[in-house]
Amino acid sequence: MINRTLLALVLLAMSFATNALTNDKSVDKITEMVEMRDGVKLATDIYHNGDTSSAKPVILVRTVYGKNQTFGWNPVWAELVKQGYAVLIQDIRGRFESEGVYDIARGRREDGIDTLDWIVAQSWSNGKVGLSGCSYLGETQVVLEATNHPALVVGQPQSPASGYYKPGRAWQSFSGGAFDLAQTAGWFAGSGAIERGTQFDFERYLSIIDTLPTISLLERAGAPKTAYEAWRTSEPDGEYFRTMDLVMADDKVSTPNLFFDTWYDYGARETLMMANQFKRTAQSDAAEHQQLIIGPGTHCNFAESPDQLSVGERPMSNGHFAYEQAQIDWYNYWLKGEKNASLERPFLTYYLMGANEWRTANEWPLTNTKRTNWYLHSDGRLSLDTQVQTGSVTYTYDPANPVPSHGGHSCCTGSDSEAGGYDQRANQSRADVLTFRSEPLVEGVEVTGLITATLFVSSSAVDTDFTVKLIDIYPTGEAYNVQEGIVRMRYRDSLREPTLIEPNKVYEVQVDLNASANYFAKGHRIAVEVSSSNFPRFERNLNTGENNSLGTEFIKADNSIWMGGIKASYLQLPIIER
């Protein structure tokens, strides 16, 4: 259930913060319409300290959310203005006060280049530009960095995973071939309108999110025209996504970056991949200057103090970090030549959940990783014991009664519990959720890295889903979600060319649970949940074999997990040996 009052208060606070900063006598603002190569003009606010007679280093922020309320989102920007920077916030093409037609994830490199060309030609610019912003604002950074424009000196991408193309994970809209319904539809409903000035009743959308067909969900909710339908009807690794201006595997950069992300965000793994790619392929000494800080929070939640940390219900301590000072030092080092400790950080600084400690590493994956198989047993055990009795466990998946999403790794869904760690015991009591638990651990186990599950499965249907969730069970009984994944059976072999399955035939599938860092302390249990739905985060599989986005009818499916012998199902964990 969405807390609309809380959301309104947050937006009001942002508005007050922006007004307070722009009314501050040390922060002045001018607005320019910056012309692009095709004549379209983009609205751009320039925040400065009142002195436009001397050249300054520039921080550029390109946003889809409206420049007028953005300046107050990051207090670092006001501080940088006071320190002599010019901070530019620009509405991207077709949004808010900018001209042109909004075409999501296309044309941003060209507009970014034209904006940089304009910046370096201004008398108040010294020709050195840094980039800043979180989420979509982080995405625009990495996409622009891939152009290697000579004015770009430094980047600071926060939660930028949506800007990176991993096959089947374009814009984080699919996982294992399953459509991420709540996050994608929620974002388009709130921020994806193609036409200006449109209003939308988000509550109405939430009230019908469980109705079919999903392809017409936003239209039936009265939403303005968006690209949602094109998004949903494209294959997870189809040409529609491959032709977007996301960072691709062959892109190289020449920009030092300080990345931020969090373990309960939707794209920590992709951010790690991007940092690794830039480190490996950079065209200059920027290869040595890619850094990444991953905290314990949720999307764009970088806590400066303990009371700012957001992780759901799961108790954590020591999760805050001096993120703001890290940003200021990073910009001052690269744009002003200030000698500080920025380069003394290793490649990776990460928070180890469960241990409530910050750790560092010079590489990813960590060199002391031991990939370890934990086997599923038909009696509900999860163990290292390879001697598993052969057999299977069957449950019935009913699309009319899907397993509800509770916490996890989402954004923009409109739910108070869309992300973070939450007690999963209510879900574990369901007949359609299989839970496999280890014995209480005799010593702590660190799990940091990529997590996968290999399952042998069968179904009475021609298509269905299988979900896997990694759980940390505390001695007091709470069962907190750590990571989760899903596979849609029609995409088991290809994310471009789906094929249905043969009923009751056993298939081997791998479920990708992405990345995490969690310490399962002594006395805790490692657990894994297996089911066939996680709704509304993921669109329900209707089990009929027809296109799920168009379907209005569904059937129940008897789904089985096989164990033992050549059909041994297991969870593979990256154990860190110290």
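Annotations for the structure displayed:
- Tyr491, sole failed condition from (1) touching a strand residue (DSSP E or B) at 6+ places or on another chain (Cβ under 6 Å); (2) hydroxyl-bearing (Ser, Thr, Tyr); (3) closer than 17 Å to Arg169 by Cβ: (1)
- When Val468, Val457 are checked against the criterion of being more than 23 Å from Tyr264 (Cα to Cα), crowded, with 24+ Cβ neighbours inside 10 Å and of a type outside the set (D, E, K, R), a single residue qualifies: Val457.
- If you go through the range 174-215 and keep only what is of a type in the set (Asp, Glu) and either touching a Cys at 6+ places or on another chain (Cβ under 6 Å) or crowded, with 16+ Cβ neighbours inside 10 Å (or both), you end up with just Asp180.
- Verdict on Leu335 being within 17 Å of Ile451 (Cβ to Cβ) and over 26 Å from the mean Cα position of the chain (by Cα): no
- Tabulated pairs, the range 108-135, first closer than 19 Å to Gly163 by Cβ, second open to solvent by 10 Å² or more (accessible area, probe 1.4 Å) and aromatic (Phe, Trp, Tyr), C-beta under 7 angstrom, 6+ apart or interchain: Gly130/Trp334
- Segments classed as strands (runs of 3 or more DSSP E), wholly inside the range 332-407, with at least 2 members that are buried (at least 19 other Cβ atoms within 10 Å of the Cβ) and either at pLDDT below 95 or not aliphatic (A, V, I, L, M) (or both): 348-352, 369-376
- The residues of the range 287-326 that are in contact (Cβ under 8 Å) with a residue 24 or more places away in the chain, surrounded by fewer than 16 Cβ atoms within 10 Å (Cβ to Cβ) and outside any loop (DSSP other than H, G, I, E, B) amount to a single one, Glu324.
- Among the residues of the range 90-134, those that are open to solvent by 20 Å² or more (accessible area, probe 1.4 Å), within 26 Å of the chain's Cα centre (by Cα) and of a type outside the set (A, V, I, L, M, F, W, C) comprise Arg93, Arg95, Asp103, Arg106, Gly107, Arg109, Glu110.
- Subset of the range 460-514 [assigned to a loop (DSSP other than H, G, I, E, B) and among the small types (Gly, Ala, Ser)]: Ser460, Ala461, Gly477, Ser494
- Taking residues in the range 257-285 that are open to solvent by less than 10 Å² (accessible area, probe 1.4 Å), and partners anywhere that are of a type in the set (D, E, K, R) and in a loop (DSSP other than H, G, I, E, B), the pairs with Cβ atoms closer than 6 Å and at least 6 places apart or on different chains are Glu270/Lys166.
- Unmet requirement for Leu152, which otherwise passes all of (1) farther than 30 Å from Asp493 by Cβ; (2) surrounded by fewer than 22 Cβ atoms within 10 Å (Cβ to Cβ); (3) of a type in the set (A, V, I, L, M): (2)
- Test: residue in the range 468-477 that is under 18 Å from the mean Cα position of the chain (by Cα) and basic (Lys, Arg): yes
- On the stretch given as the range 28-81, residues that are part of a loop (DSSP other than H, G, I, E, B) and either within 20 Å of Asp111 (Cβ to Cβ) or modelled with pLDDT of 95 or more (or both) total 12.
- Matching residues, the range 88-110, being in contact with a strand residue (DSSP E or B) (Cβ under 8 Å, 6 or more places away or on another chain), part of a loop (DSSP other than H, G, I, E, B) and not basic (Lys, Arg): Ile92, Phe96, Glu97, Ser98, Glu99, Gly100
- Residue within the range 436-445 that is crowded, with 24+ Cβ neighbours inside 10 Å, modelled with pLDDT of 95 or more and farther than 23 Å from Thr390 by Cβ present: no
- Picking from residues in the range 412-433 that are open to solvent by less than 20 Å² (accessible area, probe 1.4 Å) and modelled with pLDDT of 95 or more, the one that is nearest to the chain's Cα centre (by Cα) is Ala419.
- When each of Glu439, Glu446 is tested for being charged (D, E, K, R), closer than 12 Å to Leu573 by Cβ and touching a residue at least 40 places away in the same chain (Cβ under 8 Å), the lone residue that passes is Glu446.
- The range 526-578 - residue that is farther than 13 Å from Asp463 by Cα and of a type in the set (Val, Ile, Thr) and, of those, most open to solvent (accessible area, probe 1.4 Å): Ile566
- With respect to the conditions (1) open to solvent by 10 Å² or more (accessible area, probe 1.4 Å); (2) of a type outside the set (Gly, Ala, Ser); (3) touching a helix residue (DSSP H, G or I) at 6+ places or on another chain (Cβ under 8 Å); (4) at pLDDT 95 or above, Trp171 lacks only one, and its number is (4).
- Selection status of Ala517, more than 24 Å from Thr390 (Cα to Cα) and assigned to a strand (DSSP E or B): yes
- Taking the range 154-245 as the region of interest, the helices (runs of 4 or more DSSP H) fully inside it that hold 3 or more residues being touching a residue at least 12 places away in the same chain (Cβ under 8 Å) and among the aliphatic types (A, V, I, L, M) are 181-191.
The values are calculated or read from the model by the stated rules, or taken from the named source; none is laboratory data. Every value quoted in this text rests on a predicted model; they were computed, and no experiment measured them. Cβ sites come from the backbone with ideal geometry, for glycine too, and all protein chains shown count toward neighbours. Surface accessibility is based on the protein's heavy atoms, side chains included, excluding ligands, DNA and RNA. Shrake-Rupley method; radii C 1.70, N 1.55, O 1.52, S 1.80 Å.
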